[in-house]
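Have a look at the structure below before the remarks.
The values are calculated or read from the model by the stated rules, or taken from the named source; none is laboratory data. Remember, it's a predicted structure, so these values are computed and weren't measured experimentally. Because the Cβ atoms are built from the backbone with ideal geometry, glycine has one as well, and the counts that use them run over all protein chains shown. Note: areas computed on protein heavy atoms with side chains; ligands, DNA, RNA excluded. Shrake-Rupley method; radii C 1.70, N 1.55, O 1.52, S 1.80 Å.
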Amino acid sequence: MEEWNQTTTGFFLLGLFPPTKIGLLLFLLVILIFLIAFLGNSTMILLIWMDCHLHTPMYFLLSQLSLMDLMYICSTVPKMAVNFLSSENSISLMGCGFQSVCFLIMACAEGLLLASMAYDRYAAICRPLHYPILMNKRMCLLMIAGSWVTSSINSIFHTVYAFSMPYCKSRIINHFFCDIPAMVPLACKDTWAYEYTVLFSTNLFLLVPFLGIMASYGRVLYAVHRMRSSQGKKKAFTTCSTHLTVVTFYYAPFVYTYLRPPSLRSPEEDKNLAVFYTILTPMLNPIIYSLRNKEVLGAFQRVFGRSLSQKE
């Protein structure tokens, strides 16, 4: 087959929904989820920035999670919506590269950030006397910077390599955004070596942080079990269960998708699973953290109650 010139053309995305009435209803549902996620994460960032009671390491990390979720969903859903409404599934090479970079940065950085949040809970519950030292401002900044920098380097490497490959089999990507594993099968060269680098990155940015999270919460649950105060047990369990809920929603579909052998994966299944970590998780995270957190609800009342009273 003749190779096509990557510098003068782009790709076509099959999208998520068929152009039917059911597809339209599902599309409107995704738009509603997008609006909830946008409003929820923006509100979380605003609350943590404006309320001094939330200026703690845990909420500083949580504000970064909201920022990542906000960028996550904004890098995929708007283009999907434009393509669905216009019935033109094309995406430029630059747009595809932008989606790929943003998705990889957010995916890897969020995995590392969730591990940092698990360490924060471990330090707070298992080593409370050393907490101000273990989780000082410098440590928080190092955790955040480390998440952003390492994930950015990883995403740039994979995106540059993926877009330097010759594509001759097809320009049609069976996905609703430019996901590199969905693009690699379209290349007209042997990609087995690159697929091993993808597996290595997946283990580094998903499996290793996940094991760290499990180790941290194993120690936390043991410490909570040994607590004498029932009130302390309840508070610690509520906080940890919130974090574990977020971790489960994020990691489960990711691990199932990217750690399976390519022979056991199907494009349709990968595309449907991607809905969980690109669309649903960014919406659920602020809901989970706000509805089950009295401090966040208190900050909401203080900030917006004060704003309303000033207007009156």
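Given an 8 Å cut-off on Cα distances and at least 6 residues of separation, report the relative contact order of segment 19-307 as a percent. Working shown, then result.
Details: 276 pairs, mean separation 79.3, N = 289.
Relative contact order, segment 19-307: 27 percent.
For every other residue with a beta carbon closer than 11 angstrom to the beta carbon of residue 56, add +1 if it is Lys or Arg and -1 if Asp or Glu, then tell me the sum. Walk me through the numbers before you get to the answer.
Numbers: positive: 137; negative: 51, 120, 295.
Net charge around residue 56: -2.
On a 0 to 90 degree scale, rounded to 10, what angle separates helix 93-126 from the longest Cα axis of the chain?
The answer is roughly 20 degrees.
Please check: in the Gaussian network model of the chain (C-alpha springs, under 10 Å), which one of 179, 51, 69 has the largest mean-square fluctuation.
Answer for the Gaussian network model of the chain: 51.
On a 0 to 90° scale, report how tilted helix 21-50 is relative to the longest principal axis of the chain, with both axes built from alpha carbons and the result rounded to the nearest 10.
40
What FRET efficiency comes out for residue 93 versus residue 302 if R0 is 51 angstrom and r is the Cβ-Cβ distance? Round to the nearest 0.05.
On the way: r = 48 Å, r/R0 = 0.94.
The formula returns an efficiency of 0.60 here.
Among 53, 251, 188, which residue has its Cα positioned farthest towards the positive end of the charge dipole of the chain, with +1 placed on the Cβ of Lys and Arg, -1 on the Cβ of Asp and Glu, and the dipole taken about the Cα centre?
53
Could you work out which residue, out of 46, 25, 93, moves most in a Gaussian network model of the chain, that is, has the largest mean-square fluctuation with Cα springs under 10 Å?
25
Taking N as the number of residues in segment 170-307, what is its alpha-carbon radius of gyration divided by 2.2 N^0.38 Å? If you can, show how the numbers build up before the last one.
Values: Rg = 20.1 Å, N = 138, 2.2 N^0.38 = 14.3 Å.
In units of the globular-protein estimate, segment 170-307 measures up at 1.41.
Simple spin-label model, 7 Å along Cα-to-Cβ: residue 199 to residue 36 in nm?
If labels sit at residue 199 and residue 36, their model points lie 3.8 nm apart.
Once amide H atoms are built 1.01 Å from N in the peptide plane, which residues 5 or more positions from residue 167, or in another chain, come under 5 Å H to H?
4, 188
Assigning unit charges at the beta carbon (Lys, Arg +1; Asp, Glu -1) and nothing else, what dipole magnitude in debye, to the nearest 20, does the chain show about its Cα centre?
Numbers: 23 positive and 15 negative charges, 301 e Å.
Dipole magnitude for the chain comes out near 1440 debye.
May I ask you to list the lysines whose Cα is less than 25 Å away from that of residue 234, ignoring any residue fewer than eight positions away on the same chain?
294
How much accessible area per residue does the chain have, counting only protein heavy atoms and a probe of 1.4 Å, in square angstrom? Working shown, then result.
Values: 16100 Å² over 312 residues.
On a per-residue basis, the chain sits at 52 Å².
I need to check one value: relative contact order of segment 178-271, counting alpha carbon pairs closer than 8 Å and at least 6 residues apart, in percent. All intermediate terms of the calculation are to be shown ahead of the outcome.
Values: 20 pairs, mean separation 33.5, N = 94.
This gives 36 percent for segment 178-271.
Points 7 angstrom from Cα along the Cβ direction at residue 21 and residue 126: gap in nanometres?
Placing both labels 7 Å beyond Cα along the Cβ direction yields 5.6 nm.
Between residue 287 and residue 52, with labels modelled 7 Å along Cα→Cβ, what's the label distance in nm to one decimal, could you check?
3.4
By how many degrees, between 0 and 90 and to the nearest 10, does the Cα long axis of helix 57-74 differ from the longest principal axis of the chain?
Value to nearest ten degrees: 20.
Which Cys residues of the chain have no other Cys beta carbon under 4.7 Å away?
Within the chain, the cysteines lacking a partner Cβ under 4.7 Å are 52, 74, 102, 108, 126, 140, 240.
When the Debye formula is applied to the Cα atoms of the chain, each taken as the same point scatterer, what base-10 log of I(q)/I(0) results at q = 0.13 Å⁻¹?
Computed log10 I(q)/I(0) values: -0.98.
Compute the FRET efficiency between residue 263 and residue 164 as 1/(1 + (r/R0)^6), taking r as their Cβ-Cβ distance and R0 = 30 Å, and round to the nearest 0.05. Spell out each step's value before the answer.
On the way: r = 26 Å, r/R0 = 0.85.
Given R0 = 30 Å and the Cβ-Cβ separation, E is 0.70.
If you look at just the Cα atoms of segment 187-263, how large are its Rg and its Dmax in Å?
When restricted to the Cα atoms of segment 187-263, Rg and Dmax are 18.0, 64 Å.
Restricting to DSSP H runs of at least four residues, report the calculated mean residue ellipticity at 222 nm for the chain, -39500 (n - 2.57) per run over all residues, nearest 500 deg cm²/dmol.
-24000 deg cm²/dmol
For segment 19-307, give the percent of accessible area contributed by carbon and sulfur heavy atoms, probe 1.4 Å, rounded to a whole number. Intermediate results must be reported in sequence, preceding the final value.
On the way: 10180 of 14210 Å².
Answer for segment 19-307: carbon and sulfur cover 72 percent of the accessible area.
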